[in-house]
1. Residue by residue through segment 45-52, which ³J(HN,Hα) values in whole Hz follow from phi under the Karplus form 6.51 cos²θ - 1.76 cosθ + 1.60 (θ = phi - 60°), with glycine and proline marked x?
2. May I ask you to evaluate 6.51 cos²θ - 1.76 cosθ + 1.60, the Karplus curve with θ = phi - 60°, for each residue of segment 92-108 and list the ³J(HN,Hα) values in order in whole Hz, giving x for glycine and proline?
3. Name the residues whose placed amide hydrogens come within less than 5 Å of the amide hydrogen of Gly102, ignoring near sequence neighbours (fewer than 5 apart) on the same chain.
4. Run through the DSSP bridge list for segment 138-256 and note the antiparallel percent, rounded to the nearest 5.
5. I need the phi-derived Karplus couplings for segment 364-377: 6.51 cos²θ - 1.76 cosθ + 1.60, θ = phi - 60°, integer Hz, Gly and Pro marked x.
6. Can you work out the FRET efficiency for the pair Asp237 and Gln413, with r the C-beta to C-beta distance and R0 = 56 Å, to the nearest 0.05?
7. Given a cut-off of 18 Å, name the pairs among Lys57/Lys436; Lys328/Lys363; Lys294/Lys453; Lys215/Lys453; Lys429/Lys449; Lys288/Lys329 whose C-alpha atoms lie farther apart than that in the structure shown.
Amino acid sequence: MEKIIDEKKQGESLVIEQQKENDRKLYIESYGCQMNFSDSEIVASILSKEGFNTTQKLEEADLVLVNTCSIRDKAEQTVRKRLEQYNAVKKINPSMKVGVLGCMAERLKSKFLEEEKIVDMVVGPDAYKDLPNLIREVDEGRDAVNVILSKEETYGDIAPVRLNSNGVSAFVSITRGCDNMCTFCVVPFTRGRERSRDPQSIMEEVNDLWNRGFKEVTLLGQNVDSYLWYGGGLKKDFDKATDMQKATAVNFAKLLALVAEAQPKMRIRFSTSNPQDMTLDVIESMAKYPNICKYIHLPVQSGSNRILEEMNRQHTREEYFELIDNIKKLIPDCGISQDMIAGFPTETEEDHQDTLSLMEYVKYDFGFMFMYSERPGTMAARKMEDDIPEETKKRRLTEIINLQQKHSLLRTQQHLGKVEEVLIEGNSKKSNEHWKGRNTQNTVVVFPKENYKIGDFVNVKITDCTSTTLIGEPVGYSDNN
Ligand code: SAM
């Protein structure tokens, strides 16, 4: 599953190739979404030029960085517990410095230094280039904070080092920030206004990945469909662009076509789409290029028109169905997944039933489902009472999850008997005799290794399935090798 990084990966410490001349040790851990994991690669790249090699041993680190997530209260609590553990290690190694990166850093700013005595440095998501200066401050015994959000920073000029990479698939950031202002969501406050990265630098990164043997890229952004490059500047200022800038602007559909044509044997994925911004030309680009994977993560959050409006999602249930119908018309075998929130303020049983009936209409391949968590500063927190009892939220979430599991099984069963192209990513979790990869719809496929190797595109006949995994037998290399 793609959207939120695998639970197992949460808090994973990252290692990169050691530089002989580097003599300081960096321990870097990441939580939350793919964007955070991708940002940690940018941070490691910046710090490798500052004399740091990565380590997986917390006790020997000179600098500990934790890249944090604020999306739900639980995510923040996990990091707070982790900070306590760093504190214990710091007692043994008092010269160790600790920095908080990412969304929690941005949300709590210098409060972090007061609240969490353990923290020496607080760095927001747009301030990573300032890390060398901030580390110097900390080395000289001062606390250091930079949480300035930028209108321009896209880190387009930094080649991220690939951390803990399987050498097959990589993330490429294409936008930063978000302008959507969903009332439940903290992202616009922690990651700033939406800006798009120069397509030239995206293409350079993709081409470089291909030359280094990578076979799949995921174009990343909080809302990729909103990508718009017109020579720089914020999305919201596009109206003020010159006629020339408007005529030569690159939108997401064009960017997809550029990347797909530049590397026709490379698989292209993207995440996340927002229904309000997903236009027909994006679906047409997907249908046109065989190397763009037939999978869309399309969060909806609720099936009730009233709740969608309260959430400021800017589309109705009916418009969402129209989008789904268009996707299925142009790409009949497209995999679709969802994000859903149970128990948003004022949600009634009828609203909840609307969510279940929307799910029945779409029958998603998989989903990421959450209980509503009030986030300080968001419009919902300011204007609405978090009035759905915990028990009700839990029960509704369970009903949503149970229905999703039923649909997931239904979807995986539709692959039975088919021969599908799978890109091998690594060992199967359960057996060293089997490879694990994904088909175009992003469903995990497991099959015997035979003589195939990581990075091969293999045709696999699907013989069995669970609700999350397809099981098969390899029948030969696909044409894509
Ligand atoms: N911009 C992306 C999007 O629209 O999917 C990413 C947003 S967030 C990183 C991923 C998911 O977390 C959202 O789609 C939503 O389902 C969930 N989420 C966001 N804020 C939440 C909140 N306050 N309570 C519960 N879930 C939340």
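The numbers here are math on the coordinates, done by the rules we state, and not lab data. Since the model is a prediction, treat every value here as computed from it, not as a measurement. Reconstructed Cβ throughout: ideal geometry from the backbone, glycine too, with neighbour counts over all protein chains shown.
1. Running phi through 6.51 cos²θ - 1.76 cosθ + 1.60 with θ = phi - 60° gives 5, 4, 7, 5, 7, 10, x, 9 Hz.
2. Those phi angles translate into 7, 10, x, 7, 5, 9, 10, x, 9, 10, x, 5, 5, 4, 5, 6, 9 Hz.
3. For Gly102, whose amide H was placed from the backbone, the distant partners under 5 Å are Thr68, Val123.
4. Given both bridge residues lie in segment 138-256, the antiparallel proportion sits at roughly 50 percent.
5. After applying 6.51 cos²θ - 1.76 cosθ + 1.60, I find 4, 6, 7, x, 10, 10, 9, 7, 4, 10, 5, 10, x, x Hz.
6. Values: r = 48 Å, r/R0 = 0.86.
After rounding to 0.05, the efficiency reads 0.70.
7. Lys57/Lys436; Lys294/Lys453
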